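Structure first, commentary second.
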Amino acid sequence: MQAAQRTALERFLAQRADARAVRIDEARLLAGGAIQENWLLSATVTGGPLEGTLECVLRADAPSGVSASHSRAQEFALLQEVFHAGVTVPEPLWLGDTSVFGRDFFVMRKARGTAAAHRLMKEPTLGGDRERLTERIGEELARLHTLRPPLERLAFLPAPTPSPALKGVEEFRAFLDGHHTPFPALEWGLRWLEMHAPRTREWVLAHRDFRTGNYMVDEAGLTAVLDWEFAAWSDPLEDLGWFCARCWRFGQVDKEAGGIGSREALFRGYARVSGREPTREAVFYWEVYAHVRWAVIALQQGERHVSGQEPSLELALTAHVVPELELEILRMTGVGHA
Amino acid sequence: MRERPDGAELLAIAREVLRNELLPLLPRDKAYGALMIANAMGIAERQLRSGMGAQEEERRALAMLLERDGDLATLNRVFAVRIRQGAFDDNAHARELLWNATVQRVRESAPKALPGASSR
């Protein structure tokens with residue numbers, strides 16, 4: 001972080017925190033995030049209600065500025081909305097703009113623990129009792145799904161018409177139509193999704209990337225749900241399907257809920273808060289959908305490498321997860337022999 | 001005539017050196033990069049080993065199903081369009097073809113995901 005940025009940021013933080021002064025003691029760029037940049041800030045606040053040490057995360061547009069997802073201001077509004085609904089998220093603090101940091105950004109309180117999926121898979125004590133953690137995730141999702149349109153602050157979210165499922169089918173087909181290589185197995189999956197699409201009369205705010213790796217845990221349990229950049233009005237079961245989809249179990253396929261717990265625990269937690277019991281059959285549709293959607297996203301990521309726009313081994317390899325996703329789609333839709 | 005060891009064989013032995021000799025010495029934050037390299041080499045090696053035979057087989061099966069000739073990309077494009085139209089909703093041959101072509105690609109890109117492979 002450049003000295004001028006740091007000084008401007010200190011002034012901004014002091015003003016927003018109603019403090020006499022703020023000193024940034026440490027600013028560390030966190031790994032990951034090709035579209036956004038996350039800075040871990042440790043600051044000393046002098047005066048005002050937040051006097052003392054302030055640990056927070058600054059989330060800014062990346063310098064490259066490619067942004068297909070929400071703007072920082074929109075993401076901040078989402079975070080505020082879900083925070084007030086009682087979802088466990090990093091507390092949103094302040095929204096800033098280019099005049100301070102050169103790019104749009106917001107500041108949120110730092111959450112404890114780790115989000116790393118590979119650590120959750122390897123360290124069975126992380127996150128506390130796993131069935132309890134899984135239930136808790138169900139509860140969090142149910143709390144999120146209490147948010148329904150219209151909400152003034154979220155007026156920027158488009159209506160999912162004709163239905164959340166069919167909107168996805170249309171988008172994925174539009175992508176494939178513009179892509180250089182045909183994917184018949186994905187087309188097969190899309191046809192199945194079209195034929196079996198639920199009508200979804202009640203839209204809720206869905207996270208749309210709620211999976212292991214996108215929530216933080218400490219030794220005791222869940223500390224924060226992260227990455228709200230894909231949130232949108234959708235079918236409530238989309239989040240449950242995404243979480244349970246086999247492709248997001250990180251190799252722990254018998255732990256049907258995110259590779260960390262049982263599906264029953266997830267559904268139990270969800271039902272306790274929402275009063276509605278999800279059925280395996282209804283969620284199954286969204287598990288197929290999850291595989292198709294992840295395959296399309298993987299193709300898009302691979303294409304960033306293939307097109308020469310952003311050479312990257314990680315992006316290149318992401319394209320190679322598509323065949324196994326397609327195989328799973330075929331299995332789930334009755335094509336497989338195994 | 002090309003030299004032995006050929007490309008696939010070279011990739012195999014190079015990958016072994018990377019995994020067994022270099023990986024243990026790398027600092028923790030570089031291990032992921034090395035594993036990605038090993039993975040990429042594995043995919044390239046398996047593609048070289050399977051050659052063009054399976055691709056040609058897929059092309060022929062597609063030509064028969066679609067009752068027209070063409071290169072693999074063109075035929076797959078037609079196949080995709082007709083699947084979308086619902087022309088193959090109840091067609092056992094189309095299903096078999098989809099399954100076989102996909103299994104072949106998984107064999108190259110992610111063999112551990114194949115039915116019967118030990119899932120880890």
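The values are calculated or read from the model by the stated rules, or taken from the named source; none is laboratory data. No experiment lies behind these values; they were computed from the predicted model shown. Cβ placement follows ideal geometry from the backbone for every residue including glycine, while neighbour counts extend to all protein chains displayed.
Among all positions in region A:213-229, there is no residue which is within 24 Å of residue A:331 (Cβ to Cβ), at pLDDT 95 or above, in contact with a Phe, Trp or Tyr (Cβ under 7 Å, 6 or more places away or on another chain) and in the same structural domain as residue A:197 (by the TED database). Just one of the numbered conditions (1) within 11 Å of another protein chain (Cβ to nearest Cβ); (2) crowded, with 22+ Cβ neighbours inside 10 Å is not true of residue A:295: (1). Considering A:334, A:275, the condition of being within 14 Å of chain B (Cβ to nearest Cβ), free of Cβ contacts under 8 Å to residues at least 60 places away in the same chain and surrounded by fewer than 17 Cβ atoms within 10 Å (Cβ to Cβ) is satisfied by A:334 alone. So the check is Cβ under 8 Å with 6+ separation or different chains; which pairs have a first residue in region A:161-184 that's in the same structural domain as residue A:201 (by the TED database) and in contact (Cβ under 8 Å) with a residue 60 or more places away in the chain and a second one that's part of a helix (DSSP H, G or I) and surrounded by fewer than 17 Cβ atoms within 10 Å (Cβ to Cβ)? Final answer for the pair search is A:175/A:300. Listed by first and then second residue, the pairs with beta-carbon distance under 9 Å, at least 6 apart or on different chains, first residue in region B:21-34 and within 11 Å of chain A (Cβ to nearest Cβ), second part of a loop (DSSP other than H, G, I, E, B) and at pLDDT below 95, are B:29/A:31. On the given criteria, is residue B:88 under 27 Å from residue B:111 (Cβ atoms), without any contact (Cβ under 8 Å) to a residue 24 or more places away in the chain and surrounded by 16 or more Cβ atoms within 10 Å (Cβ to Cβ)? So residue B:88 does not fit the description; no. Scanning region A:88-137 for residues that are farther than 17 Å from residue A:214 by Cα and among the β-branched types (Val, Ile, Thr) yields A:98, A:100, A:107, A:125.
Here the strands (runs of 3 or more DSSP E) wholly within region A:12-126 that include at least 2 residues being within 16 Å of the chain's Cα centre (by Cα) and within 28 Å of residue A:138 (Cβ to Cβ) are A:36-46.
Yes/no per residue for (1) among the basic types (Lys, Arg); (2) more than 22 Å from the chain's Cα centre (by Cα); (3) under 19 Å from residue B:111 (Cβ atoms):
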residue	(1), (2), (3)
A:266	no, no, no
A:276	yes, yes, no
A:286	no, no, no
A:294	no, no, no
A:314	no, no, no
A:318	no, no, yes
A:322	no, no, yes
A:332	no, yes, no
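Screening the candidates A:212, A:223 for the property of being within 22 Å of the chain's Cα centre (by Cα), away from every other protein chain (no Cβ under 14 Å) and part of a loop (DSSP other than H, G, I, E, B) yields one hit, A:212. Filtered by the rule that a residue be closer than 30 Å to residue B:73 by Cβ and either touching a Leu at 6+ places or on another chain (Cβ under 6 Å) or charged (D, E, K, R) (or both), region A:144-171 gives A:167, A:169, A:170, A:171. Of all residues in region A:54-71, those that are closer than 24 Å to residue A:13 by Cβ have Cβ atoms under 8 Å from Cβ atoms of residues that are modelled with pLDDT under 75 and part of a loop (DSSP other than H, G, I, E, B), 6 or more apart or on another chain, in A:61/A:35; A:61/A:67; A:62/A:33; A:62/A:34; A:62/A:35.
Checking each residue in region A:157-181 for being of a type in the set (Gly, Ala, Ser) and in a loop (DSSP other than H, G, I, E, B) picks out A:159, A:163, A:178.
The test for being at pLDDT 95 or above and out of contact with any Phe, Trp or Tyr (no Cβ under 6 Å at 6 or more places or on another chain) holds for residue A:20. Name the single residue that is nearest to residue A:5 (Cα to Cα) among those in region A:79-98 being of a type in the set (S, T, N, Q) and touching a residue at least 60 places away in the same chain (Cβ under 8 Å). Selected residue: A:80. Flag not set for residue A:281, criterion: more than 14 Å from chain B (Cβ to nearest Cβ), under 21 Å from residue A:336 (Cβ atoms), charged (D, E, K, R) and buried (at least 18 other Cβ atoms within 10 Å of the Cβ).
The residue list B:54, B:101, B:113, B:40 contains one member that is touching a helix residue (DSSP H, G or I) at 6+ places or on another chain (Cβ under 9 Å), modelled with pLDDT under 95 and facing chain A (nearest Cβ under 9 Å), which is B:113.
For residue B:108, the stated conditions do not hold, so it cannot be described as touching a residue at least 12 places away in the same chain (Cβ under 8 Å), crowded, with 16+ Cβ neighbours inside 10 Å, away from chain A (no Cβ under 11 Å) and within 15 Å of the chain's Cα centre (by Cα).
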